[in-house]
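Here is the structure we will look at.
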Amino acid sequence: MIVKRLVEEHGCKNILLVNMTDEFTKTQAGLHNINNLADRYNCDLITYRFNPKTFKEKAREGLEQDLFPLKWFEDRLYKTPFEIAKKFGIKLVFYGENSEFEYGSAKTLEIFHPLSDDDTKLIYLGAIWPYSISDSLECAREAGFVDLDYYNEWQRQGQLENFSQIDSIGYIVAVWCKFPKFGFQRVTDIACRFVRDGILTKEQAELYIAEQDWILDPAAKRDLCRTIDITEEFFDQCVDKHANRDLLEKDINGNWRRKDYFPKTF
């Protein structure tokens, strides 16, 4: 969506793509999408991989201390492209959505990322173009984007859709880790967007949230644990350590569930 609009609507040329890759198992769809962008728009491409040992150590540290295995990595998602731009003398860096605003942690929709300075501006394109999940998906598909169904490679659980955060398998565990602490995760995030876009009613969204938001995709869990060299038992211990018992209680199968959605099932 970002590259398509920059090239076709704004006439940008000589675009440098920076692909920040994690250590998890890559999907065919994700590999297709990044290569498609480089080919279709004739872009230079830097795939930036952090030291694997450091990635694993930081992921384990984030999981154990904050139940946020990608805390360090997501911080670098913004800083590293900025640093690359500085080294190449690039004046403009574009991101998609302003995630802090889209997911409710900021009340103001800022156009510029706080790292911006007089020489290099980091711009949220989603703050310039009217942003919606359905519009962005349609725009991306026009540019050759494919979702997980294209290769029939992964039927995700605990998700409402098959097109966001699909580059690697283990990555979505970090998003799920919001649920034990705050009582919501990606199903709530996307359901709220679908309501805003008119795709779901509020009542439909609440039903999806109650039924699916607690679910951690088993393939994603296995992939994260295997990648950062921990057992699934250790992962579960970290979840139990950080679980918000004011909001959650375990069901008969040992899964953390929201009390208000299932008050009579425990």
Worksheet entry | Calculated [θ] (222 nm, deg cm²/dmol) that DSSP helices of n ≥ 4 give over the chain, each run adding -39,500 (n - 2.57) | -13500 deg cm²/dmol
Worksheet item: Can you work out ³J(HN,Hα) from phi for every residue in segment 89-97, in order, using Karplus 6.51 cos²θ - 1.76 cosθ + 1.60 and θ = phi - 60°, giving whole Hz and x for Gly and Pro?
Response: x, 7, 8, 10, 10, 10, 10, x, 7
Worksheet entry | Straight-distance crosslink candidates among lysines, where the alpha carbon sits under 23 Å from K87 and sequence neighbours closer than 8 are dropped | K13, K79, K121
Item to complete: Please state, as a whole number in µm²/s, the translational diffusion coefficient that the Stokes-Einstein equation yields for segment 119-266 at 10 °C and 1.306 mPa s, with Rh defined as the Kirkwood radius across alpha carbon pairs.
Response: 93
Worksheet item: Across the chain, where is the longest run that never hits trypsin sites (Lys or Arg not before Pro) in a DSSP loop with at most 15 other C-beta atoms within 10 Å?
Response: 108-244
Worksheet item: Among all the lysines, which ones have a C-alpha under 30 Å from K241's C-alpha, if same-chain residues fewer than 8 places away are not counted?
Response: K26, K53, K56, K58, K71, K178, K181, K221, K250, K259, K264
Response to the item:
Spelling it out for N162: with amide H atoms placed in the peptide plane at 1.01 Å from N, the residues 5 or more places away or on another chain with amide H under 5 Å from its amide H are none
Worksheet item: When the Debye formula is applied to the Cα atoms of the chain, each taken as the same point scatterer, what base-10 log of I(q)/I(0) results at q = 0.10, 0.15 Å⁻¹?
Response: -0.56, -1.28
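Since every read-out is calculated from the coordinates, none of them should be taken as a lab result. Just so you know, these numbers come straight off a predicted model, no measurement behind them. A quick note on method: Cβ atoms are made from the backbone with ideal geometry, for glycine too, and the neighbour counts reach across all protein chains shown.
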